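For reference, the structure is listed below as structure tokens.
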Amino acid sequence: MRVVVLISGRGSNMEALLKAGLPVEFAVVISNNPAAKGLDIAGTYGVPGVVVDHRRHASREAFDAALAAEIDRHAPDLVILAGFMRVLTEAFVRRYVGRMINIHPALLPSFPGLHTHRRALDAGVKLHGCTVHFVTPEVDVGPIVIQAAVPVLPDDTEASLSARVLAQEHRIYPQAVRWFAEGRLFLTPQGGVTVADAPAPWPVLISPPTED
Ligand code: GRF
């Protein structure tokens, strides 16, 4: 199973995947941002890094075509978006449907888009978390593979909440990729997700205790 990872920056989810001992071959890490720290991290794991700089392309379509050409050179079974901060064209997404996944730092369908932790705090939600989902043309909407929930604590800041969520991201993304690599993760004809032989209870949620 060959995978390609797309990043834009820090690369901590990518590193969690590289560390996880997954039964996959990491063919390449591609960044749209030449300054992405994750490119250096990939190198320390012996995985080549390639830049496809969106600023060098005149349109979204031209960038996506260059990105697809680079991805396809590596013939991946799975394309993993790990903090990849570009909105992709519908044609690009359709090319990889059923074999491209993303991690989003919120419990979708709540808080799609940016600044999820700030928005969760502002909304006063008591549970927040992260989601791995298949990528479909609409941003942050595809079929959900796995989620992890964390409590939002009274004195949380954006930084403390995002750190609590990130720790869970680093658990659920390797789990999702492992399921895919083992051939256990399927999109159903109805547009849902099935995981063969998933352990119960699944997916796992944290339930806060009550006082009585
Ligand atoms: C993560 O919070 C991820 O959920 C979101 O972007 C962030 C990327 O962080 N899509 P990193 O580059 O993986 O450290």
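Points to keep in mind about this one:
- Square roots of five times the Cα gyration tensor eigenvalues for the stretch 18-85, Å: 22, 14, 9
- Ordering H54, H128 from the fewest to the most neighbouring beta carbons within 10 Å gives H54, H128.
- Diffusion constant of the chain at 25 °C, which comes from Stokes-Einstein with the Kirkwood Cα-pair radius and 0.890 mPa s, µm²/s: 138
- When D72, D40 are arranged by Cβ crowding within 10 Å, least crowded first, meaning fewest neighbours, the order is D40, D72.
- Crossing angle, helix 158-181 versus the chain [Cα axis fit, 0-90 degrees, rounded to tens]: 60
- Share antiparallel - DSSP beta bridges, the stretch 9-138, percent rounded to 5: 40
- Amide H to amide H, with H built 1.01 Å from N, R2 comes under 5 Å of E25, D77, L78, counting only residues 5 or more places away or on other chains.
- Residues in the stretch 20-38 that a label on M85 would reach, taking backbone N under 18 Å of a point 7 Å out along Cα→Cβ: 30-38
- Proximal charge balance of H104 [Cβ under 11 Å; K/R count +1, D/E count -1]: -2
- When T136, T194, T116 are arranged by Cβ crowding within 10 Å, least crowded first, meaning fewest neighbours, the order is T194, T136, T116.
- Inter-centroid distance (Cα atoms) of the stretch 100-137 relative to the stretch 162-201, Å: 16
- Simple spin-label estimate for R95 and Y45 gives 2.4 nm between the two label positions (7 Å along the Cα-to-Cβ direction from each Cα).
- Distant-in-sequence amide contacts of V51, defined by a placed amide H-H separation under 5 Å and a gap of 5 or more residues or a different chain, comprise S31.
- Computed over neighbours whose Cβ is under 15 Å from that of V24, the net charge equals +1, Lys and Arg +1, Asp and Glu -1.
- With Cα atoms, 0 to 90° folded angle of helix 60-73 axis to the chain main axis: 80
- Residues whose placed amide H lies under 5 Å from that of G11, excluding near-sequence neighbours: G38
Coordinate-derived values only; no laboratory data. Predicted, not measured: the structure shown is a model, and the values here were computed from it. Don't worry about glycine lacking a Cβ; one is built from the backbone with ideal geometry, like all the others, and counts go over all protein chains shown.
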